[in-house]
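Colleague: Please see the structure below; I have some questions.
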2 protein chains.
Amino acid sequence: MKLLPRLSRVLPILGWAPLYSRDQLASDLTAAVIVTIMLIPQSLAYAMLAGLPPQVGLYASILPLVFYALFGTSRALAVGPVAVISLMTAAAVSRIAEPGTIGYVETATALAVLSGVFLIGMSALRLGFLANFLSHPVISGFITASGILIAVSQLGTIFGIKAGGHTLVEQLDGLVSQMGETNVPTLVIGALSVAFLYFVRLRLKSVLIALGMGKRLADVITKAGPVLAVTATTIAAAGLALEDKGVKIVGTVPVGLPGLQLPIPSLGLVAELGLAAALLSLIGFVESVSVAQTLAAKRRQRIDPNQELAALGAANIGSAMSGGYPVTGGFARSVVNYDAGAETPAAGAFTAVGIAVATLFLTPYLYFLPKATLAATIIVAVLSLVDFGAIRRTWIYSKGDFAAMAATILITLLSGVENGVAAGVVLSVVILLYRSSNPHTAIVGLVPGTEHFRNVNRHKVVTSPSLLTLRVDESLYFANARFLEDRIYDLVAANPALRHVVLMCPAINAIDASALESLEAINDRLKDSGVTFHLSEVKGPVMDRLKRSHFLGALTGKVYLSQYQAVLDLAPRMTKEDEALEEGAGI
Amino acid sequence: MKLLPRLSRVLPILGWAPLYSRDQLASDLTAAVIVTIMLIPQSLAYAMLAGLPPQVGLYASILPLVFYALFGTSRALAVGPVAVISLMTAAAVSRIAEPGTIGYVETATALAVLSGVFLIGMSALRLGFLANFLSHPVISGFITASGILIAVSQLGTIFGIKAGGHTLVEQLDGLVSQMGETNVPTLVIGALSVAFLYFVRLRLKSVLIALGMGKRLADVITKAGPVLAVTATTIAAAGLALEDKGVKIVGTVPVGLPGLQLPIPSLGLVAELGLAAALLSLIGFVESVSVAQTLAAKRRQRIDPNQELAALGAANIGSAMSGGYPVTGGFARSVVNYDAGAETPAAGAFTAVGIAVATLFLTPYLYFLPKATLAATIIVAVLSLVDFGAIRRTWIYSKGDFAAMAATILITLLSGVENGVAAGVVLSVVILLYRSSNPHTAIVGLVPGTEHFRNVNRHKVVTSPSLLTLRVDESLYFANARFLEDRIYDLVAANPALRHVVLMCPAINAIDASALESLEAINDRLKDSGVTFHLSEVKGPVMDRLKRSHFLGALTGKVYLSQYQAVLDLAPRMTKEDEALEEGAGI
């Protein structure tokens, strides 16, 4: 009986499937129908964004959902192709292969394999914490910039011109130089689709409800907006023979499901795609976990981030097996899945069935679908990613975070999505190092008439010229050990009358080997200057560890249980109120 | 008058030169003579270690010392070629050029230029904190492994055989396969030199003092040990015509000082050497600053790490200008300089004059110097770098730090010095992220009869099933923001009776934009689960910043000045001792 709980950590389906009820089945089926309707046009559109044939988007929306249902811990997350990952796929793959070739599709599939292996490896090594490489402002800036790049990249298709480019400058350059070639029927379809989809997104639901429709039905119809646009423009393109007027249509989409195989990328391809796969996987993971956590919290459920890594890895391997490209958990579709009542990951499996049926039977009807319609669905979808409010809020809250965000946005827009996210990672780590290397410290003195010690810069306290007490408000480890040394040497050099230095440790939860060496160095160097070094208020676990080192034996001073005892011992005059004139030794 | 203090930050010489006294001159001259005697054989030997002609070591010991005297803030630091940097130079340069060619020397000089530019750039951008990339155990492991690699690399020269290799396996392989070619006269000279130098280092001083010699003179003679070995073996090699018996000698060393020029490396070379220059500069900086701080503390002086970056950068540029190779502050020679009484950086400038004189007049006498003698001086010098005690101490103190150290040692030994230090940097950052992502937190309860709150796992405290208080003992920022979210969601999912969550913030010194978003997400998600979210004991500066965000407006609960007030408001029964039966809600 102990096996099942352990197994169900790796295969969460074992936790919920045995208890699956008829009610849950009904809820999951309803959700699956709604998500399927939403996912079909999205899959086609995001495949186009990635530079891939439309059916690849459908392939990437079948097996990944089944695998996630087996391994995932979120009950509502809907995986599949998403906008930012599609853009990153296009950037990585087009460095290696020409869009429109078989090699391009194969490279995208290889990228999914690598992404899957990377995610599963991170899960096996419990490296989920590496996602902390990415700070929120950096991610938010990256997503905003990606949204802009994606939207602008689709403008060419809306205008019926050929304009590409991986940076904003290249894109705008292409758009402006080609503007004369605009195809008017395409522009009409594209512009009408954008307008319609915006209307659907912003107003349709309230209009329908005002007209007396039930809230639930209004909701479903609203979600079906893109399907309506696809259907209407496909019929228009077929009926008016728009292809002959220069409107680009999807054309022949292969009928049937893809064959199953797992392509093993060559070592050369691994070297070329490795970094891109890692960055793309990290971004995908961070986004997916954040959606999953939001939805799980609503029902007081929990997700296991480490198991999520494995599940998303499996989903990517599944995508590659069926000729798809990198996938992750999508925000909009997961929310729809949740709102539509999905109760278990089975909803995802049912959605997969829905997409499979569509792939088998609907693809012939996609022949006349104008590409401009797909571009319109992308534009309307990604503009919700662009969050200028977050930029403003970050500016108001913290200039340092704003600088990191602005740099990420600029580098992404001007130098492309891969450099953007790489710069974001580096910036996040540099900020972390900078912050860690400057812990908060305070020189403290005695509050007269009490046994309390407070910052000399903020309070009226008593100090002594021969005794200096430094409180460090952070654990000591290698990132701030050098700072502590510098700080103490500077203080000793600036105070010739000093005889005792006390390090007050109530906020120090840990001292690592680097910091221990620094404390030893401080002790030795203070000894050379004729100053004794003491500690006070050391926490129990920290003290236990220090006892395993030679430090306490070499310490020139003592370890005091309380700072007040240290003062009684080292500078007793400080405690006598009538002599509290030494106040503020000017440190 | 305000200009001088500012200028003297950039040119510290302006701070001490105007006050230079006759006494200081005498002290500095004495120190310079002793350091010169020590530095001549070291310079020759380390140049050989770097794969360079011996005179390059002398060139690297002239201008760098002058430039450091102008810009450096340490009064006793002695810069010049050092063992580990010489080894790293050999590893980097031999990837690009063949040892023994002019191209090899030019590449080493280019490396010095890049290192200088890198260090000055770090100083200008105030990026000295990047040295925190390297934790002490990682540096210590790297130095130990480098010491072993260096010592083994010199064994071939001691045996008079040709054995190279950048990893321990390659080196041992070469030694074993060539052992049959051992040149006995070379081995005799090498072994005797090693034995003599060990005797000098460990015993000579006490022997001389026991014989009645003054301590000061005994000290100087001990420092001159390598010069004695060099002189004796040179005379032996000349007198016994050992060259004809297969003993490798230094041969012709060009007479005179090098011409001055500053070679600008090509962009291709910059790309090939850039990373190596950065790693080598970081290692050199960390070692140099640690020596400088140790010595400065003994006299209650201070050094400015940022200005040290500039000074070491200038020293490297100086080295390159005079045909030298990368330099940094050396441990042994700085201690000698200090012990010999150096009072100002002028001692370094005088040492430079000494080396220049030696370069002008002594080089002809180096013709017969056996290379095995130089190898012996290297071996005896670097074995003091190997610190097995540090490995044992780290193992006892912290298994995590030990793992990082062991990995660095193994990678350095088995894969070479560049991969070793790169792995060290990566490991340090990963450890930092891991530590940062797991801040210490505690669920706290009320100590009965008091207003104090303590960890429920360590103390007998009162809790309530409807109220959960989490204390976080660290500032909140992006590296631990996700952890906080996970922790709170897990707790909420595990405690169905929960109505209120209080985040107790007395140890939180800062909340960055990422953590703010996490707090907002926690607030929203708890709201969805019907739980209100409160803060308590928020510090003033943190509160000021929170007021600039929308968070406080959206907060479902309150911000309490004290945790006790929070309990009085949210779970007043906890404060009544007679009802203190709810103790330990099993969380």
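The values are calculated or read from the model by the stated rules, or taken from the named source; none is laboratory data. All values derive from a computational prediction rather than experimental measurement. Here Cβ is always computed from backbone atoms with ideal geometry, including for glycine, and neighbour counts include all displayed protein chains. When the accessible area is computed, the model is the full protein with side chains, heavy atoms only, and any ligands, DNA or RNA have been set aside. Shrake-Rupley method; radii C 1.70, N 1.55, O 1.52, S 1.80 Å.
Colleague: What nm distances, shortest first, do you get from the label point of A:Leu125 to those in the other copies when the point sits 7 angstrom along Cα to Cβ?
Modeller: Nearest first, the other copies' label points are 2.6 nm away.
Colleague: What is the list of residues in segment A:512-543 whose amide nitrogen lies under 12 Å from a point 7 angstrom out from the Cα of B:Ser384, following Cα to Cβ?
Modeller: none
Colleague: Can you compute 3J(HN,Hα) from phi for each residue in segment A:421-433, using the Karplus curve 6.51 cos²θ - 1.76 cosθ + 1.60 with θ = phi - 60°, rounded to whole Hz and x for Gly and Pro?
Modeller: 6, 5, 4, x, 4, 4, 4, 4, 5, 5, 4, 4, 4
Colleague: Follow-up. Using +1 at the C-beta of Lys and Arg and -1 at the C-beta of Asp and Glu, which of B:Leu413, B:Pro370, B:Pro64 has the Cα lying farthest in the positive direction of the dipole of segment B:3-430?
Modeller: Checked the options; the winner is B:Pro64.
Colleague: Karplus couplings for segment A:552-560 from phi (6.51 cos²θ - 1.76 cosθ + 1.60, θ = phi - 60°), rounded to Hz, Gly and Pro as x?
Modeller: Whole-Hz 3J(HN,Hα) from phi for segment A:552-560: 5, x, 8, 4, 6, x, 10, 9, 9.
Colleague: Here's something else I'd like to know. At most 12 other Cβ atoms within 10 Å and a DSSP loop assignment: could you name the trypsin sites (Lys or Arg not before Pro) in segment B:152-236 that fit?
Modeller: Of the trypsin sites (Lys or Arg not before Pro), the ones in loops of segment B:152-236 whose Cβ has at most 12 other Cβ atoms within 10 Å are B:Lys162.
Colleague: Next question, about the same structure. Taking the label point 7 Å from Cα in the Cβ direction, how far apart in nm is A:Arg9 from each other copy of itself, listed shortest first?
Modeller: Distances between equivalent label points, in nm: 5.4.
Colleague: Let me ask another. Write down, largest first, the equivalent ellipsoid semi-axes of chain A in whole Å, where each equals the square root of 5 times an eigenvalue of the alpha-carbon gyration tensor.
Modeller: 59, 26, 23
Colleague: Which ³J(HN,Hα) values, rounded to whole Hz and listed in residue order, are derived for segment B:471-484 from phi using the Karplus coefficients 6.51, -1.76 and 1.60 in 6.51 cos²θ - 1.76 cosθ + 1.60 with θ = phi - 60°, glycine and proline given as x?
Modeller: 9, 10, 9, 7, 4, 9, 8, 4, 5, 10, 4, 5, 4, 4
Colleague: Hey, quick one: spin label on B:His459, modelled 7 Å out along Cα-Cβ, who in segment B:489-503 has an amide N within reach, i.e. under 19 Å?
Modeller: From segment B:489-503, the list is B:502-503.
Colleague: What do the square roots of 5 times the Cα gyration tensor eigenvalues come to for segment B:243-304, in whole Å, largest first, as semi-axes of the equivalent ellipsoid?
Modeller: Taking √(5λ) for each eigenvalue gives 34, 25, 16 Å, largest first.
Colleague: Measuring nothing but label to label, 7 Å from Cα along Cα→Cβ, what are A:Val426's distances to the other copies in nm, shortest first?
Modeller: With the label placed 7 Å along Cα→Cβ, A:Val426 yields 1.7 nm.
Colleague: For segment A:441-579, what relative contact order do you get, as a whole percent, if you take Cα pairs closer than 8 Å and at least 6 residues apart?
Modeller: 24
Colleague: Rounded to the nearest 20 debye, what is the charge dipole size of the protein assembly as shown about its Cα centre when +1 sits on each Lys and Arg Cβ and -1 on each Asp and Glu Cβ?
Modeller: Roughly 1220 debye for the protein assembly as shown.
Colleague: I would also like to ask the following. Jot down the radius of gyration and Dmax of the protein assembly as shown, Cα atoms only, both in angstrom.
Modeller: Radius of gyration, then largest Cα-Cα span, for the protein assembly as shown: 34.9, 115 Å.
Colleague: How much of the DSSP bridge set in segment A:441-579 is antiparallel, in percent, rounded to the nearest 5?
Modeller: Taking every DSSP beta bridge within segment A:441-579, about 40 percent pair in antiparallel fashion.
Colleague: Could you tell me how far the Cα centroid of segment B:496-565 sits from the Cα centroid of segment B:36-50, in Å?
Modeller: 62
Colleague: What is the mean projected area of the alpha carbon convex hull for segment A:62-129, to one decimal in square nanometres?
Modeller: 5.7
Colleague: State, in square angstrom and to the nearest 100, the accessible area buried between chains B and A, both chains counted, probe radius 1.4 Å.
Modeller: Buried: approximately 6600 Å² between A and B.
Colleague: Over chain A, what is the percentage of antiparallel beta bridges among all DSSP beta bridges, to the nearest 5?
Modeller: Of all bridge pairs located within chain A, approximately 45 percent are antiparallel.
Colleague: Still on this model: Given H placed on each backbone N at 1.01 Å, which residues far from A:Ile249 in sequence or on other chains put an amide H within less than 5 Å of it?
Modeller: Distant-sequence amide H within range of A:Ile249: A:Lys371.
Colleague: Which entries of A:Lys527/B:Lys215; A:Lys460/B:Lys539; A:Lys460/A:Lys558; A:Lys527/A:Lys558; B:Lys162/B:Lys248; B:Lys205/B:Lys298 show an alpha-carbon separation above 21 angstrom in the structure shown?
Modeller: A:Lys527/B:Lys215; A:Lys460/A:Lys558; B:Lys205/B:Lys298
Colleague: Right, something else. What number comes out for accessible area per residue over segment A:441-579 if the probe is 1.4 Å? Units Å², please.
Modeller: So segment A:441-579 comes to 40 Å² accessible per residue, rounded to a whole number.
Colleague: Within a 10 angstrom radius of each residue's Cβ in A:505-514, how many Cβ atoms of other chains show up on average? Whole number is fine.
Modeller: That works out to 6 on average.
Colleague: If you restrict to DSSP beta bridges whose two residues both lie in the protein assembly as shown, what percentage is antiparallel, to the nearest 5?
Modeller: Here the antiparallel bridges make up roughly 45 percent for the protein assembly as shown.
Colleague: Please express the shape of segment A:438-510 as an equivalent ellipsoid: the semi-axes are the square roots of 5 times the eigenvalues of the C-alpha gyration tensor, given largest first in whole angstrom.
Modeller: The equivalent ellipsoid of segment A:438-510 has semi-axes of 21, 16, 9 Å.
Colleague: Could I ask something else about it? How big is the convex hull of the Cα atoms of segment A:312-400, per residue, in Å³?
Modeller: Convex hull volume per residue, Cα atoms: 180 Å³.
Colleague: Taking square-rooted eigenvalues a ≥ b ≥ c of the alpha carbon gyration tensor, is segment B:174-297 rounded, prolate or oblate, where a/c under 1.5 means rounded and, failing that, a/b exceeding b/c means prolate?
Modeller: oblate
Colleague: How high is the relative contact order of chain A, in percent, counting Cα pairs under 8 Å that sit 6 or more residues apart?
Modeller: For chain A, the relative contact order is 22 percent.
Colleague: So what's the back-of-envelope 222 nm ellipticity for chain A, counting only DSSP H runs of four-plus at -39500 (n - 2.57) apiece and dividing by all residues, rounded to 500?
Modeller: Taking each H run of at least 4 residues, the total per residue is -19500 deg cm²/dmol.
Colleague: Same structure again: Which value, in debye to the nearest 20, describes the size of the charge dipole of segment A:270-368 about its Cα centre when Lys and Arg Cβ atoms bear +1, Asp and Glu Cβ atoms bear -1, and nothing else is charged?
Modeller: 280
Colleague: Please report the net charge: other residues with Cβ closer than 10 Å to the Cβ of B:Leu555, K and R +1, D and E -1.
Modeller: Neighbourhood net charge equals +1.
Colleague: Can you find, among A:Leu187, A:Leu262, A:Ala347, the residue farthest towards the positive end of the dipole of segment A:23-430? Put +1 on the C-beta of Lys and Arg, -1 on that of Asp and Glu.
Modeller: A:Ala347
Colleague: Given Cβ point charges of +1 (Lys, Arg) and -1 (Asp, Glu) and nothing else, what value in debye, to the nearest 20, does the dipole of chain A about its Cα centre take?
Modeller: With only Lys, Arg, Asp and Glu charged at Cβ, the dipole is about 1320 debye.
Colleague: I've got another one for you. For segment B:115-213, what class follows from the C-alpha gyration tensor (a ≥ b ≥ c being the square roots of its eigenvalues): rounded when a/c is under 1.5, otherwise prolate if a/b is larger than b/c, else oblate?
Modeller: oblate
Colleague: Quick one: which residues, 5 or more positions from A:Lys558 or on another chain, have an amide H under 5 Å from its amide H? H modelled 1.01 Å from N in the peptide plane, none for Pro or chain starts.
Modeller: Long-range HN contacts for A:Lys558: A:Leu535.
Colleague: Right, here's the next one. Taking the Cβ of B:Ala376 as the centre, find all other residues whose Cβ is under 14 Å away and add up their charges (Lys, Arg: +1; Asp, Glu: -1).
Modeller: Overall, the nearby charge balance is +3.
Colleague: For every other residue with a beta carbon closer than 15 angstrom to the beta carbon of A:Pro226, add +1 if it is Lys or Arg and -1 if Asp or Glu, then tell me the sum.
Modeller: +4
Colleague: I'd like the orientation of helix A:184-199 relative to chain A: the angle between its Cα long axis and the longest Cα principal axis, in ° from 0 to 90, rounded to 10.
Modeller: Computed tilt is about 50 degrees.
Colleague: Taking amide H positions as placed in the peptide plane 1.01 Å from N, state which residues far from B:His440 in sequence (5 or more) or on other chains have amide H under 5 Å from it.
Modeller: The answer is B:Asp473.
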